[in-house]
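Below is one structure, written out as structure tokens; the observations come after it.
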Amino acid sequence: MQKLVLTAAISMLALAACNSKEKEPATSGETNSGVSSAQIINADNSSWLSYGRTYDEQRFSPLATVNADNVANLGLAWSYDLDSSRGIEATPIVHDGMMYVTSTYNVVHAMNARTGAPVWTWEPEIDMVQASNACCDIVNRGVALWGDTIFTATIDGRLVALNAKTGDVIWDKLTIDKSKPYTITGAPRVVKGKVIIGNGGAELGVRGYISAYDAETGDMDWRFYTVPGNPEDGFENDTMAMAAETWTGEWWTAGGGGTAWDAMAYDPDLDLLYFGVGNGSPWNQSIRSPDGGDNLFLSSMVAVRPDTGEYVWHYQTTPGETWDYTATQHLMLADLEIDGKTRKVIMQAPKNGFFYVIDRESGEFISANNFVPVNWATHIDEETGRPVEIEAARYYGKEPYLQLPGPLGAHNWHPMSYSQDTGLVYIPAQEAPWVYGDRANYKHTPGTWNTGTDFSYALLPTDRATFKALKSMVKGRLLAWDPVKQEEAWTFEHNGPWNGGILSTGGNLVFQGTADAHFAAYNAKTGDQLWKYFTQSGIGAAPITYELDGVQYVAVASGYGGSFVLGFGAVLPSGSDFNSGRVLVFKLGADGSLPAPLDAAMPEFDLPEPVEISDELLAKGVTAYANSCAVCHGDHAFASGLTPNLRYSGVTADAETWQMVVREGLLAENGMPNFGKVYDAETAEAIRAYVIGEAHSGRDQEFYKTIDE
């Protein structure tokens, strides 16, 4: 059945494939020394003071010493070993000749921005049991800087203030209820002396919110919930009462979702803070809100007052979302001339595949168009600003549906960039299909993924021809998009998806790292690749640029990871080996080199003995593995190297040890979840039997590397 659905759907899709003027902000909450909001807005070229460089999050620098005419002379000035090779997603922050960056498990590194010489390192004591709730790898996207303080948010839900000169802890605040599966992966922002942070965890079942903390004391100033709670408990405010009118059933029993885990921007002229809201919990709306409804504020851009968290407006990209179509992707502010009038806009390319231009004063819809092929909606209605859906895409009660985009999105967390010179937005776009289908006999189960969809439909096919056909649909590209015309300007095709964030510069350049372990520069007007450097490890993070002593530097953090790599990095190899994560810094005329790559060859192991098991019980193991294990240990039990490869594990070989790990939490302190309340001993053994069967399948590393031959 699964193969027939995939084959038919592949055939169907193959046929169809088808700056604003800067001025001084309000001074409330300003510091007397160090970095202020005025400095972030009017950033000088020597620094990169906030996640998106400035509050508009454009990731554009006017620096032009390195330009399209001389970028071929760019070389490695220095590198800094992050002592980790897993899931490096941080944007470096640079101020006063210092660079700050985070690595795996929220370690903060401070170094000399001219030479890379280490200054200090801060290592948090992470609660690994809480960290095991991370849906999509143990990643972190960086720090914030305000005054003389560095702020970082940890995977186990804390917000920490550090002395920027010494790394000493100033305060350490827990921002979550640790009895629930919250995590934090995003970078904080600081606006008017308030540190803003959200969280993740919707897949496992939480209620989303975003909070503001006083930068000096760490005291919480306000909290904005993104979905309503149980009406019997009363609503926090009129906004939540309004949102509740768009929900049905008992959504609060599974939290509702709507975690604000990444995107933020701030307009000091309008004094509005914008943030993006994530998917529902569970994904499947027929379970979460059985009589439908828009389910506010899921998949929405929301504008609030930064002083109070007061709601101002929202725009929902995917009403009643049911596909993990988050709107937490990068938000950017710009002033665009549209129909002869200058409009203050906010732009987003969320997971659902449409590029949105919205009035940032009012939340009014201006325009949208799909920037990749999509088959869940035909278009966005110009009058209502709502998607016109394809009926089959709401998969519940219907046949499983092969859909573009899937939950990895047409654009994920990787930041895009807007060039003030070209007027183009540069997007790390991708195509990654997924088969959505109902989860039979679904029941909310704390401690595991609660999506209400059956991931076993989305396991990649096992026969070579069907696998090859599906793999051909998985793509990644650097896309230059005209936000006024809502059309493509140019594209550069990559070897696959999950490529790094973007930097654009006044030198007519666009920089991007890629999954296949390269960092490259492109002509911002034409898309021609002008320079490329082998980085040894894949890149997901976004680059920055800064200037010291008249020298322009370009920096990027390398180290491959994230949800695509955990789930599909072995069966859809990118070309990136498992190598050291580093900060790489380039300048013109430099000729530095990296240490020799690590030996990434997979060691030889003895396969565990096969397990005799009935077909019925094996099918139970397949479903359990797909819905609980594959997100970390890989499609078809073939891990990418970031997590243990269960095919060759001593734990897998021994039935008793397997039960202790899976059902008794033997490795909980190592970040392995305890599924004792989720699966009984029989199901756990069925999972083991499936893993061992895959180990004996003959579909090894060579099989997947040569699938196209």
### Message
Pairs please, first residue from the stretch 426-444 and among the charged types (D, E, K, R), second anywhere and modelled with pLDDT of 95 or more and part of a strand (DSSP E or B), Cβ atoms under 6 Å, 6+ apart in sequence or on different chains.
### Response
Glu431/Lys475; Arg439/Thr453
### Query
Within the stretch 609-617, is even one residue outside the structural domain of Tyr100 (by TED's automatic domain parsing), surrounded by 21 or more Cβ atoms within 10 Å (Cβ to Cβ) and out of contact with any Gly (no Cβ under 7 Å at 6 or more places or on another chain)?
no
### Task
Take the residues in the stretch 549-584 that are in contact with a Ser or Thr (Cβ under 6 Å, 6 or more places away or on another chain) and in a strand (DSSP E or B), then tell me which one is farthest from Ser472 (Cα to Cα).
Gln552
### Test result for Ser558, of a type in the set (Gly, Ala, Ser) and closer than 15 Å to Val71 by Cβ
no
## Note on the structure
Output for Cβ contacts, cut-off 9 Å, separation at least six or different chains, first residue closer than 30 Å to Gly201 by Cα in the stretch 604-632, second basic (Lys, Arg) and outside any helix (DSSP H, G or I), reads Thr623/Arg439; Asn627/Arg439
### Query
Which one of these is more than 31 Å from the chain's Cα centre (by Cα) and closer than 30 Å to Ala465 by Cβ: Ala689, Ala695, Ala639?
Ala689
## Note on the structure
So the strands (runs of 3 or more DSSP E) completely within the stretch 190-271 holding 2 or more residues that are in the same structural domain as Val345 (by TED's automatic domain parsing) and of a type outside the set (A, V, I, L, M) are 209-214, 220-225, 264-267
### Query
How do the helices (runs of 4 or more DSSP H) wholly within the stretch 647-707 filter down when requiring 1 or more residues that are of a type in the set (Gly, Ala, Ser): which remain?
650-653, 655-664, 681-695
### Message
I'm told Gln486 meets every condition in (1) more than 24 Å from Lys705 (Cβ to Cβ); (2) not assigned by TED's automatic domain parsing to the domain that holds Met332 except one. Can you identify the failing condition by its number?
### Response
(2)
### Query
Only one residue in Glu669, Glu604, Glu616, Glu702 is out of contact with any Ser or Thr (no Cβ under 7 Å at 6 or more places or on another chain), among the charged types (D, E, K, R) and modelled with pLDDT of 90 or more. Which one?
Glu616
### Task
Confirm whether Glu656 is modelled with pLDDT of 95 or more, among the charged types (D, E, K, R) and more than 16 Å from Phe605 (Cβ to Cβ).
yes
### Criterion: more than 27 Å from His95 (Cα to Cα) and either at pLDDT 95 or above or within 24 Å of the chain's Cα centre (by Cα) (or both) - qualifying residue of Lys178, Lys173, Lys165
Lys178
### Message
Return the residues of the stretch 463-505 that are of a type in the set (Ser, Thr, Tyr), in a strand (DSSP E or B) and surrounded by fewer than 19 Cβ atoms within 10 Å (Cβ to Cβ); say none if nothing qualifies.
### Response
Thr491
### Task
Please work out which one of (1) modelled with pLDDT under 90; (2) closer than 18 Å to Pro644 by Cβ; (3) buried (at least 23 other Cβ atoms within 10 Å of the Cβ) is the condition Val565 fails and give its number.
(1)
#### Entry: Residues that are on the phi > 0 side of the Ramachandran plot and at pLDDT 95 or above, drawn from the stretch 380-413
Gly385, Gly409
#### Entry: Candidate set from the stretch 388-413 (those that are part of a strand (DSSP E or B) and among the aliphatic types (A, V, I, L, M)); member that is farthest from Tyr457 (Cα to Cα)
Val388
### Task
Give the residues of the stretch 443-471 that are polar (S, T, N, Q) and either assigned by TED's automatic domain parsing to the domain that holds Arg699 or under 21 Å from the mean Cα position of the chain (by Cα) (or both), sorted by residue number.
Thr448, Asn450, Thr451, Thr453
### Summary
Of the residues in the stretch 568-608 that are within 18 Å of Lys532 (Cα to Cα) and polar (S, T, N, Q), the one that is surrounded by the fewest Cβ atoms within 10 Å (Cβ to Cβ) is Ser593
## Note on the structure
When the stretch 165-189 is checked residue by residue, the ones that are outside any strand (DSSP E or B) and surrounded by 24 or more Cβ atoms within 10 Å (Cβ to Cβ) are Pro181, Tyr182, Ile184, Thr185, Gly186, Ala187, Pro188
#### Entry: Condition broken by Tyr55, with the remaining ones in (1) closer than 30 Å to Leu272 by Cβ; (2) modelled with pLDDT under 95 satisfied
(2)
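The values are calculated or read from the model by the stated rules, or taken from the named source; none is laboratory data. Predicted, not measured: the structure shown is a model, and the values here were computed from it. Note that each Cβ is placed from the backbone with ideal geometry, even for glycine, and that neighbours are counted across all protein chains shown.
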